[in-house]
1. Of the conditions (1) touching a helix residue (DSSP H, G or I) at 6+ places or on another chain (Cβ under 6 Å); (2) farther than 26 Å from Met178 by Cα, Thr93 satisfies every one except a single condition; which number is it?
2. Do you know which residues across region 108-129 are of a type in the set (A, V, I, L, M, F, W, C) and either over 28 Å from Leu207 (Cα atoms) or part of a loop (DSSP other than H, G, I, E, B) (or both)?
3. Quick check on region 59-98: of everything there that is among the β-branched types (Val, Ile, Thr) and within 12 Å of the chain's Cα centre (by Cα), which residue is nearest to Cys124 (Cα to Cα)?
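Taken together, the values in this text are just the output of simple stated rules run on the coordinates, not laboratory data. Bear in mind the structure is a predicted one, so any value in this text is a computation, not a measurement. Note that each Cβ is placed from the backbone with ideal geometry, even for glycine, and that neighbours are counted across all protein chains shown.
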Amino acid sequence: MSARVLSTNIATIQQDPGGADRISGINKLPVASGIDVFAPGPHYGDGSGVVGDAIGDTQHHGGMHKAIYAFSREELDFWDPTYRNGYFGENLTTTGIMLEDLLINQQIRIGSVLLEVSIPRSPCRTFAHWLGVKGWLKTFTQRALPGSYFRVIEAGHINPGDAIEILEPPAHDITMSMAFRAKMGDKDLARRVVAAECLPERYHQDLLKLI
């Protein structure tokens, strides 16, 4: 099966399901007309990279390195086939690609948009309460297939059905899954990620503190 975008998704604003006094954008619904994508500012709080999307936790989400979030339909089906596209808070529901096997800083092209693999997702309280699954954070962490955040290198439009083209790989072997496991406490992997110097400085320093 060729890699493609199955669904493009935008948040429906609601109260944070984790009980925080803020809105949440985790509940994303498919948009048949596609999404317009741009590069937000460099900091948390600079918003989503999707026009019309919403972010509630501006202290930990949004900005350049978390501009677009993608998760695969195959992985949604692993957890529960009844989960609809967008249910894990992803802007792009993909099929035919293992997002976690992509290398950090790997670039991909979708339609007129050029994206770059950025940093791992951090499973959070909002995510856990949204799903309502006991022990979810531990279970999701152990699976170590967290989807992928992307930076926007070239803005444009993404439609459902657009092909995903994987471009030339960077000169290291650090996958998104490896970076996720390092972030979540695997010190051996953290040393490998640090040695590769492939993460943005803030996240690089976090791993240095871990090891």
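1. Going through the list (1) touching a helix residue (DSSP H, G or I) at 6+ places or on another chain (Cβ under 6 Å); (2) farther than 26 Å from Met178 by Cα, Thr93 breaks only (2).
2. Ile110, Val113, Ile119, Cys124
3. Initial filter on region 59-98 (among the β-branched types (Val, Ile, Thr)): 68, 82, 93-95, 97.
Now restrict to residues that are within 12 Å of the chain's Cα centre (by Cα): 68, 93-94.
On the way: Ile68: 17, Thr93: 20, Thr94: 22 Å.
The residue in question is Ile68.
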